[in-house]
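First up is the structure itself, then whatever we jot down about it.
The values are calculated or read from the model by the stated rules, or taken from the named source; none is laboratory data. Source: prediction; values computed, not measured. Don't worry about glycine lacking a Cβ; one is built from the backbone with ideal geometry, like all the others, and counts go over all protein chains shown. Protein only, heavy atoms only, side chains kept; ligands, DNA and RNA dropped before computing areas. Shrake-Rupley method; radii C 1.70, N 1.55, O 1.52, S 1.80 Å.
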Amino acid sequence: MSPDHTGSVGERARALVAGLTVPQKIRLVSGKDFWRTEDLEATVPAITVADGPHGLRKQVGASDHVGLGGSVPATCFPVAAVLASTWDPELVEEVGRALGREAKAEDVAILLGPGLNLKRHPRGGRNFEYLSEDPLLSGRMAAALVRGIQAEGVGACAKHFAANNQETARMVVDTVVDERTLRETYLRGFEIVLAESSPAAVMTAYNQVNGEFCSDHAHLVGEVLRGEWGYDGLVVSDWGGTNDRVAGLAVGLDLEMPGGAHAFDAEIEAAVAAGRLPVASLDRAATRVLEAALRWQEVPGRGTPADLDAHHTLARRVAAAGTVLLTNDGILPLRPQGTLGVVGAFATQPRYQGAGSSQVTPTRLDSLWDVLTATLAEQAPDVSVQHAPGYDAATGATTDTLVGQATRLAAAADQVVLLVGMPGREEAEGRDRAGVRLPDGHERLVRAVLEVNPRTVVVLCHGGGVELDWADRPAALVEAYLGGQAGGAALVDVLLGAAEPGGRLAESVPVRVVDLAADANFPGHPRQVEYRERSFIGYRFHDTWSVPARFPFGHGLSYTRFEHRAVEVSGIGTDLTVTVELANVGDRAGSEVVQVYVAGPGRLLQRPLKELQGFAKVHAAAGESVRARVRLYRRSFTVWDVASGRWVVEPGRHEVLVGSSSAHLYHRHAVDLESDDPPAPAARTVGPVAGDEEYADLLGHPVPVPARARPFTRSSPLSDLGSSWAGRRLLGLVGRPMARRFADGGSAEREELLESVLAGLPVRALAQMGPGPVTFARLDRLLALLNGEPLRAVGRRRTD
Ligand code: BGC
């Protein structure tokens, strides 16, 4: 499960650490600057780390962690939402390899991805960057990426550990979640990625979980990650997310990032001197940092340029493989004739990635319009292709003139391709989405175009969840998400049938977001979010509480048709193999995803109606028959028993359900299981959202009262400080220079993003990431003053 520490790298690192002084070791455990670790003079050089999940973001100029500054050109692969929709670990592993090669070419030792937090709510600001609402799919696809990246010798970093499912107050919010939900839902993907791919690093999340920050979480990092899972790789903080450095070292957080400020060094030194922090903890952390650096020195081919043309071609293939065909009355693949109308500014100004730390500077960018017109000029020169923008790409707004132009074009066209979605500024790390409806301009355009021409294919370009009231009206509806730099070309491939839309939804599309159980507590109080819906997110909610999704998890049509000829479940007890014989009975090659869910008895515990426990993607030529195999294990049937702290089997009838989506099952197989260690019976909730008493029962203690804004602490968000005169002054003195450091000038959009990022920073970030020198001692004095405790402030000064 963990990197080899017995080999020479581990031994050398340990030997080096043994020869260091305490201050030297302390220096090693936080970075040298924004993206590099400290070097060990003349012995071990620094290594560079860089974002991110779907492309390399290696910054060369000003550094920031929110996507403001530029980075070297790199292939922008489709975002994680698309990668997961491929349901194809082999293909995603290929993407990982390409990412690894590009990182290696740029001397980047660790790539900060994949991100596998669950899409708890469709408004989650980073949903585009995350894989799925389901932990098994997330874990498996993340593992594929990690295997690919690491096959090139570059380390991958699974992030953000854990329960980091919103952007609102992301650096301070306390996620209140009961242990069973945590284990079965929010930790499971991490457990899978560790078991199936051994990532070189794990990044702790910004938020708190049940009252403790992830960076120093005794249970999450100490007991679960390091203890139970035996993870021995590098644990790194999220950027500016280190809360209590000494406690972090004690539980297993090795590296604080970004570095440069070394703000915690004095506290670590004092803790070691006072015996509050065992030197062994510091040694372990320093060893792991050196190991990562030493290992990098041994990777062959560093600095070798990557084949960017080949990567662009791969990006195109993957984007098509992750495109989901939601509906199709047969219009697709298009057989263009007469006039083909293309409506939507995204046709010429593609939306292809989200904003934030994952933002890549693409090596090139295909627009649907360029590729479509070039392709048709060759293949169907008689077809006239016309374009109307319909809306402003940046804002999503439309005008009577734009709508008029678009409808005139659509009315006169034989077929229409209409691209709509979310404007880029709506989908950025650092803030949750304001809503789930397309911008009014897009909504208006969809209705107007459909009114004049029902032979319209609507293509959706966005990263997070959307509500689609009119989904049954277009002739076809295509979910393209954000397809990366080759997304425009991939769409042309799909529309014209050169490629099939190989995707299946990795997240449910709800009818109305307000009906979702998670919506009752998203994004929660300013300081606390309660996961009262427990595991009932995505299809677990829709299925269990009989609230059908508009498009269910796992759904996606093909251009061909598969018949399921025979399904067999063989094996003993919980070690089962599901074999499905499939025949491609259509007239073209295509793919199908066999999805295997398990339904538990749910007599002793309230459980989701069913949960995905395995899947297989198969490809078949026209007329070909193929066999899909999915293995199930004990863990496919277990639940987390809070009383004993173990994974146990609930005795009774389970069902293995085989289907092509969570709502379309074509085979059921009963499995009767006995159990020597049944879970302790637990109370049930009446509805999907636990009430106060029910929730307290599940938590095992009263529902915590959200932290108050005052007194101010090191963890208070800067926005809270603005409520006092002195706080505003502090923001002016320190916050502004910090803002300037991240972005000099820039567009209103950048400033807006920056403002929300700054407002959400905890006070301690001024010391950790500020322009310096702001020591914690000074900050604490200031906080005492702001809290109206001048004596404490003076007292602290004396003891500085
Ligand atoms: C993000 C991480 C990212 C880091 C470095 C943080 O703001 O949460 O995902 O890896 O910045 O850019």
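Values as computed for the structure displayed
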quantity: Set G227, G240, G222: member being touching a residue at least 40 places away in the same chain (Cβ under 8 Å) and either surrounded by fewer than 24 Cβ atoms within 10 Å (Cβ to Cβ) or touching a helix residue (DSSP H, G or I) at 6+ places or on another chain (Cβ under 9 Å) (or both); calculated: G240
quantity: Single condition V299 does not satisfy, out of (1) in a loop (DSSP other than H, G, I, E, B); (2) within 27 Å of L468 (Cβ to Cβ); calculated: (2)
quantity: Checking L255 against (1) over 18 Å from V44 (Cα atoms); (2) under 24 Å from the mean Cα position of the chain (by Cα); (3) within 16 Å of the ligand (Cβ to nearest atom), the condition it does not meet; calculated: (1)
quantity: Residue within the stretch 152-165 that is in a strand (DSSP E or B), within 14 Å of the ligand (Cβ to nearest atom) and of a type in the set (F, W, Y) present; calculated: yes
quantity: Qualifying residues in the stretch 71-125 (those that are among the basic types (K, R) and out of contact with any His (no Cβ under 9 Å at 6 or more places or on another chain)) - the one farthest from the ligand (Cβ to nearest atom); calculated: R97
quantity: Residue in the stretch 233-250 that is farther than 23 Å from S358 by Cβ and under 23 Å from the mean Cα position of the chain (by Cα) present; calculated: yes
quantity: Long-range neighbours under 8 Å by Cβ, at least six apart or interchain, first residue at positive phi within the stretch 195-214, second at pLDDT below 95 and of a type outside the set (D, E, K, R); calculated: S198/M1; S198/S2; S198/P3
quantity: Odd one out for A388, checked against (1) more than 16 Å from the ligand (Cβ to nearest atom); (2) surrounded by fewer than 19 Cβ atoms within 10 Å (Cβ to Cβ); calculated: (2)
quantity: Scope the stretch 701-754; condition surrounded by fewer than 14 Cβ atoms within 10 Å (Cβ to Cβ), at pLDDT below 75 and either within 22 Å of H525 (Cα to Cα) or polar (S, T, N, Q) (or both); matching residues; calculated: S747
quantity: Any hit, the stretch 40-48, residues being within 15 Å of the ligand (Cβ to nearest atom), open to solvent by 10 Å² or more (accessible area, probe 1.4 Å) and over 30 Å from H619 (Cα atoms); calculated: yes
quantity: Matching entry among A286, A261, A270, A280 (being within 16 Å of the ligand (Cβ to nearest atom), over 28 Å from the mean Cα position of the chain (by Cα) and at negative phi); calculated: A261
quantity: Residues located in the stretch 445-476, provided they are closer than 25 Å to R126 by Cα and assigned to a loop (DSSP other than H, G, I, E, B); calculated: H462, G463, G464, G465, V466, E467, L468, D469, A471
quantity: Filter result for P53 (touching a residue at least 60 places away in the same chain (Cβ under 8 Å), more than 16 Å from the ligand (Cβ to nearest atom) and either open to solvent by 20 Å² or more (accessible area, probe 1.4 Å) or not hydroxyl-bearing (S, T, Y) (or both)); calculated: no
quantity: Hits in the stretch 642-663 - residues which are surrounded by fewer than 17 Cβ atoms within 10 Å (Cβ to Cβ) and more than 23 Å from F615 (Cα to Cα); calculated: A643, S644, G645, R646, G652
quantity: Lone qualifier among R447, R527, R532 - being at negative phi and either open to solvent by less than 10 Å² (accessible area, probe 1.4 Å) or without any contact (Cβ under 8 Å) to a residue 40 or more places away in the chain (or both); calculated: R447
quantity: Listing of strands (runs of 3 or more DSSP E) fully contained in the stretch 547-628 that carry 3 or more residues being open to solvent by 40 Å² or more (accessible area, probe 1.4 Å) and either under 26 Å from G139 (Cα atoms) or at pLDDT 95 or above (or both); calculated: 562-572
quantity: Residue in the stretch 134-151 that is over 15 Å from A80 (Cβ atoms), open to solvent by 20 Å² or more (accessible area, probe 1.4 Å) and touching a Ser or Thr at 6+ places or on another chain (Cβ under 6 Å) present; calculated: yes
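Residue-wise test of (1) assigned to a helix (DSSP H, G or I); (2) within 16 Å of the ligand (Cβ to nearest atom).
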residue	(1), (2)
L365	no, no
A394	no, no
A397	no, no
A406	yes, no
V416	no, no
R425	yes, no
D432	no, yes
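For every residue, the table says whether it meets (1) under 21 Å from the mean Cα position of the chain (by Cα); (2) crowded, with 24+ Cβ neighbours inside 10 Å; (3) assigned to a loop (DSSP other than H, G, I, E, B).
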residue: S63; (1), (2), (3): no, no, yes
residue: L99; (1), (2), (3): yes, yes, no
residue: R120; (1), (2), (3): yes, yes, yes
residue: G125; (1), (2), (3): yes, yes, yes
